[in-house]
Amino acid sequence: MRMSGRVDILVVGGGIHGVAVAQAAAAAGYSVLLLEQFEQLAQGTSSRSSKLVHGGLRYLESGQFHLVRECLKERALLLKNAPELVRLTPFFIPVYHDTSRSPGLLRVGLGLYRLLAGLRAETRFRSLPMSAWEGLDGLATRELRAVFQYYDAQTDDALLTRAVMRSAARLGAACLTGARVMAIQRDKAGCLIDYERGGRVERQRADVVVNAAGPWANALLETAAPSARRLPVDLVQGAHIALAAPAPQGVYYVEAPQDRRAVFIMPWQGMTLVGTTETPRSALPAELADWEPLPAEIDYLRSVYRRYFPERAGAAVHHAFAGLRVLPKGAGSAFARPRETVLLWDSRMRILTVYGGKLTAYRATAEKVIRSLRAHLPRRRGIADTAQVRLEP
Ligand SMILES: Cc1cc2nc3c(=O)[nH]c(=O)nc-3n(C[C@H](O)[C@H](O)[C@H](O)COP(=O)(O)OP(=O)(O)OC[C@H]3O[C@@H](n4cnc5c(N)ncnc54)[C@H](O)[C@@H]3O)c2cc1C
């Protein structure tokens with residue numbers, strides 16, 4: 001085994017949270033190394049999301065105002081700092097006679113969303129006149145009562161992740177891909193991390209470890225000796241299908257007729273992307289290739305699309321993908337479960353684990369991680385403010 005050097009912070013996982021922590025750590029003046037098991041960054045959840053940079057209108061109903069406000073603030077920062085990667089997109093909410101939320105309720109919700117976003121120009125919304133409905137990509141107009149239009153943003157989650165890592169590297173962070181962490185031990189001075197890369201096992205010393213392994217977070221903690229604290233979590237699969245139908249002009253935010261869940265119908269790479277589902281998974285699939293939508297999920301999404309765009313319902317499935325949400329265990333359906341990130345600090349092992357969270361809030365999450373680690377690290381002088389750092393595609 002070869003012994004490498006020592007860093008203040010070792011980050012495990014090259015998804016959006018790992019690269020964001022690397023960026024925030026380097027900006028705060030810490031030495032940081034990120035290890036990612038696959039050859040490329042963002043092979044896990046961070047390339048399998050709905051690719052929306054949004055406050056999450058529906059979280060208002062469950063009173064998650066703090067999350068919505070934080071995400072809207074981060075959305076505004078991303079629109080400023082990453083204009084080539086994050087684009088404002090019109091969103092449409094059609095309301096039919098059988099839609100569970102009335103036009104009045106939606107108007108209140110959109111007004112509140114606007115208030116939480118700070119009444120910026122990009123937060124305006126309106127009810128479209130009937131004369132505009134025919135121009136909505138073939139949206140079914142039978143029994144349609146109203147169509148609201150507002151703005152949120154879209155991105156390419158994998159490109160965004162790689163751009164954040166490039167900016168972290170410019171600030172001094174190091175990153176190794178194809179480096180799978182196999183064991184974390186506690187020693188007198190901090191942590192010893194063993195990882196396998198190119199058939200060799202290397203050992204790295206770090207003051208603290210940030211576990212940003214997404215759905216693998218608890219599997220990583222199982223490799224910690226003597227043992228590490230972990231939270232019981234549910235893994236909930238969310239699937240998308242890309243249909244070979246022309247890309248719609250914006251994102252349609254609709255209700256699945258089967259169970260009233262929110263589903264997005266979006267433009268993506270010149271096609272139509274439909275997602276997501278919520279399917280509980282009892283275990284992490286062994287291989288990335290096994291992260292596949294189930295036939296029932298594809299049927300569900302196709303039937304939602306058929307309900308709202310009957311004229312285009314015959315479009316073939318071009319490709320499909322699935323990702324895993326990490327939700328701390330709790331009562332009730334996964335759909336209603338809070339989406340706040342949970343940070344768990346194990347002071348004995350010196351490991352901080354990031355559970356769950358939103359792509360949109362990645363920077364805010366990373367800043368919280370660094371704030372909570374400060375007391376356990378040597379004093380360093382910051383070199384940049386992540387809220388000001390520009391991200392290049
Ligand atoms: C279906 C779905 C849709 C979503 N849509 C949105 C959305 O539209 N907008 C939004 O804001 N949020 C969305 N989210 C949430 C968001 O996508 C996730 O919170 C975010 O991508 C999680 O990133 P992560 O870095 O924590 O995990 P991941 O992206 O999964 O990264 C974890 C990384 O750790 C690596 N790793 C694991 N174990 C090891 C090891 N032992 N050694 C080295 N590396 C290791 C993995 O290879 C992986 O690259 C969605 C989530 C899902 C599941």
Worksheet item: How many residues, within the range 34-50, are more than 6 Å from the ligand (Cβ to nearest atom) and in contact with a Lys or Arg (Cβ under 6 Å, 6 or more places away or on another chain)?
Response: 1
Worksheet item: Counting only residues that are open to solvent by 30 Å² or more (accessible area, probe 1.4 Å) and closer than 20 Å to residue 256 by Cβ, how many does the range 280-302 have?
Response: 9
Worksheet item: Given 101, 58, 6, 2, which one is of a type outside the set (S, T, N, Q), under 26 Å from residue 117 (Cβ atoms), out of contact with any Leu (no Cβ under 9 Å at 6 or more places or on another chain) and more than 15 Å from the ligand (Cβ to nearest atom)?
Response: 101
Worksheet item: Restricting the search to the range 70-89, which residues are in contact (Cβ under 8 Å) with a residue 60 or more places away in the chain and either closer than 24 Å to residue 112 by Cβ or in a strand (DSSP E or B) (or both)?
Response: 70, 71, 73, 74, 75, 77, 78, 79, 86, 87, 88, 89
Worksheet item: What is the residue count in the range 208-228 for residues that are open to solvent by less than 20 Å² (accessible area, probe 1.4 Å) and out of contact with any Ser or Thr (no Cβ under 7 Å at 6 or more places or on another chain)?
Response: 8
Worksheet item: Somewhere in the range 68-91, is a residue closer than 19 Å to residue 257 by Cα and not polar (S, T, N, Q)?
Response: no
Response to the item:
The strands (runs of 3 or more DSSP E) lying entirely within the range 154-246 that contain at least 1 residues which are over 27 Å from the mean Cα position of the chain (by Cα) and either more than 9 Å from the ligand (Cβ to nearest atom) or on the phi > 0 side of the Ramachandran plot (or both) are 179-187, 190-197, 200-211
Item to complete: Have a look at 53, 21 and point out the one that is more than 7 Å from the ligand (Cβ to nearest atom) and buried (at least 24 other Cβ atoms within 10 Å of the Cβ).
Response: 21
Worksheet item: Hey, does the range 347-357 have a residue that's more than 16 Å from the ligand (Cβ to nearest atom), under 21 Å from residue 187 (Cα atoms), out of contact with any Asp or Glu (no Cβ under 8 Å at 6 or more places or on another chain) and in the same structural domain as residue 11 (by TED's automatic domain parsing)?
Response: yes
Practice prompt. Output the residues belonging to the range 247-261 that are within 14 Å of the ligand (Cβ to nearest atom) and under 17 Å from residue 153 (Cα atoms).
Written response: 251, 253
Worksheet item: Any idea which residue in the range 77-102 is surrounded by the fewest Cβ atoms within 10 Å (Cβ to Cβ), counting only those that are over 23 Å from residue 265 (Cα atoms) and in contact with a helix residue (DSSP H, G or I) (Cβ under 8 Å, 6 or more places away or on another chain)?
Response: 77
Worksheet item: Within the range 61-76, can you find the residues that are open to solvent by 10 Å² or more (accessible area, probe 1.4 Å) and within 12 Å of the ligand (Cβ to nearest atom)?
Response: 70
Worksheet item: Only one residue in 256, 244 is out of contact with any Pro (no Cβ under 7 Å at 6 or more places or on another chain), at pLDDT 95 or above, of a type in the set (A, V, I, L, M, F, W, C) and open to solvent by 10 Å² or more (accessible area, probe 1.4 Å). Which one?
Response: 244
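The values are calculated or read from the model by the stated rules, or taken from the named source; none is laboratory data. A quick note: this is a predicted structure, and the numbers were derived from the prediction, not measured. No Cβ is skipped: glycine too gets one built from the backbone with ideal geometry, and neighbour counts run over all protein chains shown. Protein only, heavy atoms only, side chains kept; ligands, DNA and RNA dropped before computing areas. Shrake-Rupley method; radii C 1.70, N 1.55, O 1.52, S 1.80 Å.
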